[in-house]
Structures are given as C-alpha cells and as structure tokens.
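Participant: Can you read through this structure? Questions will come right after.
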Amino acid sequence: MKETTVIVGAGHAAGQAVASLRHGGCTGRIILVGDEPHVPYQRPPLSKKFLAGELDMHRLYFRPEQFYPDHDIDLRLSTRAEKIDRVEQNLLLNDGTSIHYDYLLLTTGSQVRKMDVPGSDLEGIGYLRRIEDVLCIRQQFSPGARLVIVGAGYIGLEVAAVSVSQGINVTVLEMEDRAMKRAVGPAISDFFAALHRRAGVDLRFGYRVESFEGSGSISAVVCQETERFEADLVIIGIGIQPCVELAERAGLACDDGIVVDESCVTEDRHILAAGDCTNHPNAVLGRRARLESVHSALEQAKIAAATICGKSPPDIQAPWFWSDQYDAKLQIVGLAEGYDQIILRGDPESASFAAFYLANGRLLAVDAVNRPREFMIAKKLVAQGSCFDPDDLGDESKDFKQLAQQALAAAAEKT
C-alpha cells in the first residue's frame, strides 16, 4: 500500500502504531506529528525512576531515535496540528504548512486536569505529565524541602514514594476518603496508605484545597476551615482528561473521548483514533469505555494499524494497569466496578496478596500486590469472565493455577 498515513501525537499509541504499520506491510509515507521535541516516549517512568534520577532520558524512548530514519518515518516534532480539513483530507500545522493524508490517526492522548483556585498560578506549583515537567521538579528537589502533593492517585503516590526516599518532607492531600479510590478496592487503599505513612508521608484524606498562598511563589496550601500546610513545592495530580480539541474542531463525534468503533475508526472512515483520547467499545467490559492505560493504548494502536493495512485485528485482551510504590508492585486486571464481593487471597500484612472482585461468582477484576503469578493468570480469567467459588479463591492451600484451569475449562464448556 502506498497511501500516506499521518499520525498526530507522540505517546505510546503513536510509537506502537508506527512500528505496527511498517511490520504490517505499510510501504507508503508515514508522517508523525508531535508537539514535543521528543520521539515517542514512555510516561509511566516519569513519576518513578526518571523522577528519582535513576533512568536516562533516552531510555524513556519507545524506540531508539534511529528507528525512525531506518524505517523511513517522517518526524515533525515540536509541531502542533491545528486543523483537519476533512473534505480535502489535509492536516494544517502551526507553521502554516499542510499535509495531505489518506489515513489520519489521532493519538492525541490526554492532558492534566488543572486546578482553578486562588493562587494556582504561583511559582512552585507544578504538574507531572511530560519530560520537561520532571526536569523542572527535579531542580526543586532538595533534602528537607516541604512538598505538598494534591491527589492520592497513582501519580501522587508514586511521586510521594520517590520524594520521601530522597529526604523530602511530603504531605499528600486527598479529598476522597481513601487512596486511589477510583482504581482499587478498600483493602488495597488501606495497604498503600499504611505503606506511605510508615515511610514518613503525612497522608490526609477528606481535605479539599481552597487556595494557595505566597508572594510570587508558593508558601502554603490552604484547605477547608483555613487549615494551612506550609510548602516549598506543590505537585498537583488530580487526574487527566482526553485531548479531543482537534477532533471536535473537525466535527468528529466526541463523548469523554473521540468516539470510535471496534476498528478504531471514527465517523469519518479516513480518520482513526487510538489511546487515552478514545471512547471505544470494549468487548471484555461489555460497554464503551475510555481507558487511561498504556496497555490499552498499545492494543488500540495495533488495531488501528491493522485496519489501515487491511489485516485482521489482534485478539481483545482484558485491560491492565500497574503502579510501583517503594517495594510494592501493584498490578491490576480489569475494572473493579459493579462487584458484589471482594475475596482476599494472601495476607496484606505480608505485603503479598491479591484482591478478587466478583459479581455473582464471575471474576471482574484482580488487584495483585507483589503477586505476579496471580496477575499473569488473571489476565485470561478476566477476559473470559471465569466463575469461581469464593471459598476456593480465598483458600491458599488450593493451588491457584489449578483453580484457574478448572474455571477456564468450565467457561469453554459453556461456549
């Protein structure tokens, strides 16, 4: 195929799409447009090893820089896509030039959710989403500094773990009643809250930030009822939102993400989308979803590339996520929603356990803490909607692999 494929964005989905297109037989032009000066790179290490200074910038890159010229990829970095002309199939760039496309793949990802309270524009208040964000935060790290983190989600807690290990005084303010509430169940929340407190993090729940104080730069965070927390640095991690502005300006359907079908195609058959920016049908979840997940971005990129190349898409997998905090690795399969029972396998006190979320005996999701075996096996179990006897799941004297084989066999018989 000799068509021109233009990819907008330079994150996980873009990096995977480029590789999948070439490996899938695309011999036409591939042009990648990214508004950052970097080739596609991985974001999860930003709040972990890269923030800690343990990872070189080039090790963040999804593929080595030489991969792109070697595979005849036209990179347009530090360049922003401004407008899509769907009639002429042209993409207008911020430098005034335009690119004609046969296929346009939007991998625009997501952006941080900003706080809009008095003082939110003070120096020393930052967000963590890009390489430059981390480089700026690192410059302000020094032992004894007072860091206030707003939000106890993945990013906030990962930053807290890195920061406190470097001798920084860390306070985390979360308006919900537990950590990572949107992603995990109570047992997991309690485990990580205790882990952070033992490390010296001042973790506060039920705290809503009302304003920031300072003369030019941040000096304090003010919560409800005028409670103040002195700060030399503030990092805000209150979630992300999909980047859909380009699609909206082009008149494409958007509803908490760019609306696509099972093949990652929008309502315009020449325009596809993949990654955090999409609202897509998910066969495993049984509904439409927008997933903030590296795994989902990679899988959607493979589907989009297969669609462009006229190939069969890969099999659908259960969504999975992970977070590293201190020596605890949290690995999640599925979404913990709509469950009626939570079964713990293992003891949280041992720092090695898993939480199984069931609905009428059907496995919906698994949160595994330092339990890679359960996590790996659970990927297939959740994807197939396997059913379990709750008593068996909670009984560690029964081999989990054998229980899984029995559940998979029973599911196969029903189909």
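Participant: I'd like the full set of residues that are farther than 19 Å from G275 by Cβ, hydrophobic (A, V, I, L, M, F, W, C) and at pLDDT below 95, limited to segment 309-339.
Facilitator: Answer for segment 309-339, where residues must be farther than 19 Å from G275 by Cβ, hydrophobic (A, V, I, L, M, F, W, C) and at pLDDT below 95: just A336.
Participant: Return the only residue of V201, V184, V172 being under 22 Å from S293 (Cα atoms), crowded, with 16+ Cβ neighbours inside 10 Å and not basic (K, R).
Facilitator: V184
Each row is one residue, and each column tells you yes or no for (1) at pLDDT 95 or above; (2) under 29 Å from R362 (Cβ atoms).
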| position | (1), (2) |
| --- | --- |
| E245 | yes, no |
| L252 | yes, no |
| I271 | yes, no |
| V284 | no, yes |
| Q300 | yes, yes |
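Participant: Taking the stated definitions as given, is V150 touching a residue at least 60 places away in the same chain (Cβ under 8 Å), out of contact with any strand residue (DSSP E or B) (no Cβ under 7 Å at 6 or more places or on another chain), crowded, with 20+ Cβ neighbours inside 10 Å and not assigned by TED's automatic domain parsing to the domain that holds Q42?
Facilitator: When the stated conditions are applied, V150 does not pass them.
Participant: Right, here's the next one. Looking at segment 266-297 only, could you name the residues that are under 20 Å from V6 (Cα atoms) and surrounded by 19 or more Cβ atoms within 10 Å (Cβ to Cβ)?
Facilitator: T266, I271, L272, A273, A274, G275, D276, C277, T278, A297
Participant: If I342 satisfies every condition in (1) within 30 Å of T108 (Cβ to Cβ); (2) at pLDDT 95 or above; (3) β-branched (V, I, T); (4) outside the structural domain of I30 (by TED's automatic domain parsing) but one, which is the exception?
Facilitator: I342 satisfies all of (1) within 30 Å of T108 (Cβ to Cβ); (2) at pLDDT 95 or above; (3) β-branched (V, I, T); (4) outside the structural domain of I30 (by TED's automatic domain parsing) except (1).
Participant: Additional query: I'd like to know if segment 298-309 contains one or more residues that are touching a residue at least 24 places away in the same chain (Cβ under 8 Å), assigned to a strand (DSSP E or B) and not acidic (D, E). So that I can check it myself, show each step before the final result.
Facilitator: Pass one, segment 298-309, residues touching a residue at least 24 places away in the same chain (Cβ under 8 Å): 298, 300-309.
Remaining after also requiring assigned to a strand (DSSP E or B): none.
Looking through segment 298-309, none of the residues is touching a residue at least 24 places away in the same chain (Cβ under 8 Å), assigned to a strand (DSSP E or B) and not acidic (D, E).
Participant: Look through segment 333-384, keep the residues that are in contact with a Pro (Cβ under 9 Å, 6 or more places away or on another chain) and part of a loop (DSSP other than H, G, I, E, B), and return whichever of them is surrounded by the fewest Cβ atoms within 10 Å (Cβ to Cβ).
Facilitator: So the residue we want is G361.
Participant: In segment 5-47, what residues are surrounded by fewer than 18 Cβ atoms within 10 Å (Cβ to Cβ), more than 30 Å from L135 (Cα to Cα) and of a type outside the set (K, R)?
Facilitator: Within segment 5-47, H23, G24, G25, T27, G28 meet the criteria.
Participant: Of all the residues that make up segment 123-150, how many are hydrophobic (A, V, I, L, M, F, W, C) and more than 19 Å from Y207 (Cβ to Cβ)? Reasoning before the result, please.
Facilitator: In the first step, residues of segment 123-150 are kept if they are hydrophobic (A, V, I, L, M, F, W, C); the result is 125, 128, 131, 134-137, 141, 145, 147-150.
Next, from what is left, pick out any that are more than 19 Å from Y207 (Cβ to Cβ): 128, 131, 134-137, 141, 145.
The number of residues fulfilling the criteria is 8.
Participant: In contact (Cβ under 8 Å) with a residue 24 or more places away in the chain and either small (G, A, S) or at positive phi (or both): does that describe A359?
Facilitator: Here the answer is no, as A359 does not meet what is asked.
Participant: What are the residue pairs meeting all of these: first residue in segment 74-88, first residue farther than 15 Å from A253 by Cα, second residue among the hydroxyl-bearing types (S, T, Y) and surrounded by 14 or more Cβ atoms within 10 Å (Cβ to Cβ), Cβ atoms under 6 Å, and 6 or more apart or on different chains?
Facilitator: From segment 74-88, the pairs are L75/Y68.
Participant: Which residue out of G124, G109 is at positive phi and buried (at least 21 other Cβ atoms within 10 Å of the Cβ)? Quick ask: steps written out before the conclusion?
Facilitator: Details: G124 fails: buried (at least 21 other Cβ atoms within 10 Å of the Cβ).
Selected residue: G109, the only one of G124, G109 that is at positive phi and buried (at least 21 other Cβ atoms within 10 Å of the Cβ).
Participant: If you don't mind, another one. Residue by residue through segment 286-332, note down the ones that are farther than 27 Å from H23 by Cα and of a type in the set (S, T, N, Q).
Facilitator: S323, Q325, Q331
Participant: Okay, next question. Determine if segment 302-313 includes at least one residue that is within 21 Å of the chain's Cα centre (by Cα) and not small (G, A, S).
Facilitator: Yes, the conditions are met somewhere in segment 302-313.
Participant: Something else now. Can you give me the ranges of the strands (runs of 3 or more DSSP E) entirely in segment 60-142 with at least 3 residues that are charged (D, E, K, R)?
Facilitator: Where strands (runs of 3 or more DSSP E) fall fully within segment 60-142 and carry at least 3 residues being charged (D, E, K, R), they are 81-85.
The values are calculated or read from the model by the stated rules, or taken from the named source; none is laboratory data. Bear in mind the structure is a predicted one, so any value in this text is a computation, not a measurement. All Cβ positions, glycine included, derive from the backbone under ideal geometry; neighbour counts span all protein chains shown.
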